[in-house]
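One structure below.
The values are calculated or read from the model by the stated rules, or taken from the named source; none is laboratory data. Please read these numbers as outputs of a predicted model, since none were measured by experiment. As a convention, Cβ positions derive from the backbone with ideal geometry for all residues, glycine included, and neighbour counts pool all protein chains shown.
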Amino acid sequence: MQRPPLSTLCATLALLAAWGCSSKSEDTSTPNDVPVICEAPGYAVDTDAIQIDRVRAKLRVPSGDPASGLPVQVCGIDACVPSNADRSGTLNVPLNQKMILPALKYGDGFDYAELAAPLTEDNLDLGELIALPLPPLSAGAKFSKSGAVTSGEVNLQLASNGSVEHDRLSYSDDSELVFRSVAVPVADSPQALPPRFGFELAYGLAPLGTTFCPAANLSLKNTLDWPSGTEVEVFVQGLDVTEKWAPYGSWLQVAEAVVSSDGKRIETTSGGVPILSSIAVRRK
């Protein structure tokens, strides 16, 4: 697959991974009345479609119970087929079609966090997948024009001269536009969090597709007790088949972070979160 060269980047969005991501902005140190301009970088895809005959998986919630009726989508960047797990949590989707960059997206960004498990012709039976219920809407945090918004172990800091844009096509009700997060069990989610990335913490976020300009600073609870000063890399997963902000079905580094001096938090030092998606971190 060929990717385009990096373009200029939103002032807080830097230090990007191998495939790259970019956007452009004015200097965020400008006065509050000077708007910051951000653009999604987009990705050029040069790869062949592969044959997807039938996708299988067994979906359960963290308690071990089946994820009955869980919404899923088998999507490439050229086609998308929605489905649902049955009452036992079993997924058996016949497709018999070709797709470009296919992945199984499980969860919906409303009741469950959404993650993507890439598919290949040799890997169409994904085994057991853990579906992660999001906190109820009543427990979500409202977005302000600037400042902190927190859900569980995840905190976002929004710039005073920035903007927040929601995906109104997906989230038409204002009650759905609250920040929610849930921890992803990394060791039990290798399909969506491939071990080769070395991720150690991950979270599913909602509402999906919300963008921040400039990118939001991120702070996470240091649940793994990494020593103060530990350097960390922050990634987002591409869940949007348009590939505006990240390569679909894969992970893109968007920030660097460090464990705070008191050892309690992991805080971004450069870059930031440009879009709400699933996120993951690893030690540098």
Inset, instruction - Pull up the stretch 109-128, narrow it to residues that are touching a strand residue (DSSP E or B) at 6+ places or on another chain (Cβ under 7 Å) and of a type in the set (D, E, K, R), then point me to the one that is nearest to residue 73 (Cα to Cα). - result: 114
Inset, instruction - Working only within the stretch 41-66, note down all residues that are surrounded by 12 or more Cβ atoms within 10 Å (Cβ to Cβ) and not in a strand (DSSP E or B). - result: 41, 42, 43, 45, 49, 61, 62
Legend entry - Options 192, 215; residue that is farther than 21 Å from residue 41 by Cβ and aliphatic (A, V, I, L, M): 192
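Residue by residue, here is whether (1) of a type outside the set (A, V, I, L, M); (2) in contact with a strand residue (DSSP E or B) (Cβ under 6 Å, 6 or more places away or on another chain); (3) within 23 Å of residue 119 (Cα to Cα) holds:
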residue: 206; (1), (2), (3): no, yes, no
residue: 217; (1), (2), (3): yes, yes, no
residue: 220; (1), (2), (3): no, yes, no
residue: 224; (1), (2), (3): no, no, no
residue: 235; (1), (2), (3): yes, yes, yes
residue: 243; (1), (2), (3): yes, no, yes
residue: 246; (1), (2), (3): no, yes, yes
Legend entry - Residues of the stretch 203-241 satisfying the condition of being closer than 27 Å to residue 176 by Cβ and without any contact (Cβ under 8 Å) to a residue 40 or more places away in the chain: 240
Legend entry - Complete set of residues in the stretch 253-269 that are crowded, with 24+ Cβ neighbours inside 10 Å and under 28 Å from residue 101 (Cβ atoms): 254, 255
Inset, instruction - Could you please let me know if residue 268 is farther than 24 Å from residue 176 by Cβ and either within 13 Å of the chain's Cα centre (by Cα) or not in a loop (DSSP other than H, G, I, E, B) (or both)? - result: yes
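Conditions tested, residue by residue: (1) at pLDDT 95 or above; (2) crowded, with 23+ Cβ neighbours inside 10 Å; (3) under 30 Å from residue 133 (Cβ atoms).
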{"position": "20", "(1), (2), (3)": "no, no, no"}
{"position": "30", "(1), (2), (3)": "no, no, no"}
{"position": "72", "(1), (2), (3)": "yes, yes, yes"}
{"position": "75", "(1), (2), (3)": "yes, yes, yes"}
{"position": "81", "(1), (2), (3)": "yes, no, yes"}
{"position": "104", "(1), (2), (3)": "yes, yes, yes"}
{"position": "115", "(1), (2), (3)": "yes, yes, yes"}
Inset, instruction - For the stretch 78-94, enumerate the residues that are among the hydrophobic types (A, V, I, L, M, F, W, C), more than 24 Å from residue 43 (Cβ to Cβ) and in a strand (DSSP E or B). - result: 91, 93
Inset, instruction - Report, by residue number, each residue of the stretch 233-249 that is hydrophobic (A, V, I, L, M, F, W, C) and either part of a strand (DSSP E or B) or in contact with a helix residue (DSSP H, G or I) (Cβ under 8 Å, 6 or more places away or on another chain) (or both). - result: 234, 235, 236
Legend entry - Top-ranked residue of the stretch 177-230 - restricted to ones that are more than 15 Å from the chain's Cα centre (by Cα) and of a type in the set (Val, Ile, Thr), ranked as surrounded by the most Cβ atoms within 10 Å (Cβ to Cβ): 178
Legend entry - Residue identified as over 27 Å from residue 167 (Cα atoms) and touching a residue at least 24 places away in the same chain (Cβ under 8 Å) among 246, 257: 257
